[in-house]
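Reading through the structure tokens given below for one structure.
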Amino acid sequence: MPRTPSSPLLLAGLLAGAAVAHAVAPEKFDAIVPRSLPGTPRQWTYASGVAELALAAGVAHPRTRRVAALATAAFFVGVFPANVKMALDARRRSPTVRAVAVGRLPLQVPLVLWARSVSRGAGRD
């Protein structure tokens with residue numbers, strides 16, 4: 001299978017890498033968990049890391065790719081509030097930190113579209 005930008009293996013790798021980052025540096029993710037969620041930020045950090053790992057496995061396997069990629073698109077939409085919180089929290093930080101935090105917001109759109117593209121292409125793998 002060629003590794004194109006819409007490649008399911010690249011998407012699976014992105015998800016797996018994010019899952020590892022949640023386990024290795026959870027404090028960075030704890031900080032962006034919306035406080036309105038029940039439980040502790042660390043619980044949400046670990047839960048989202050586990051979800052990303054499960055989604056990565058599902059996207060990597062041809063039999064589960066279609067459903068897992070759709071679930072990935074939904075996951076990317078679901079974590080958007082954390083990115084909004086990051087942008088709001090960055091208001092009092094350096095211009096570089098603010099730019100990165102705000103710049104992440106529109107990046108969710110191509111991620112959602114990528115996951116949907118992988119789902120649509122799942123039958124052709």
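Things worth noting here:
- Selection within segment 1-15 - open to solvent by less than 30 Å² (accessible area, probe 1.4 Å) and modelled with pLDDT of 95 or more: P8, L11, A12, L15
- If you go through segment 105-125 and pick out every residue that is under 19 Å from K28 (Cβ atoms) and surrounded by fewer than 17 Cβ atoms within 10 Å (Cβ to Cβ), you end up with 3.
- Some residue of segment 29-36 being assigned to a helix (DSSP H, G or I), over 21 Å from A122 (Cβ atoms), open to solvent by 50 Å² or more (accessible area, probe 1.4 Å) and out of contact with any strand residue (DSSP E or B) (no Cβ under 8 Å at 6 or more places or on another chain): yes
- Positions within segment 93-125 being farther than 16 Å from L14 by Cα and touching a residue at least 60 places away in the same chain (Cβ under 8 Å), in sequence order: G121, A122, D125
- Across segment 74-92, the number of residues qualifying as within 9 Å of the chain's Cα centre (by Cα) and open to solvent by less than 40 Å² (accessible area, probe 1.4 Å) comes to 2.
- Selection count, segment 58-73, where residues are assigned to a helix (DSSP H, G or I) and open to solvent by 60 Å² or more (accessible area, probe 1.4 Å): 3
The values are calculated or read from the model by the stated rules, or taken from the named source; none is laboratory data. No experiment lies behind these values; they were computed from the predicted model shown. Counting neighbours? That spans all protein chains shown, and the Cβs are built from the backbone with ideal geometry, glycine included. In case anyone asks, the SASA skips ligands and DNA or RNA and just uses the protein heavy atoms, side chains included. Shrake-Rupley method; radii C 1.70, N 1.55, O 1.52, S 1.80 Å.
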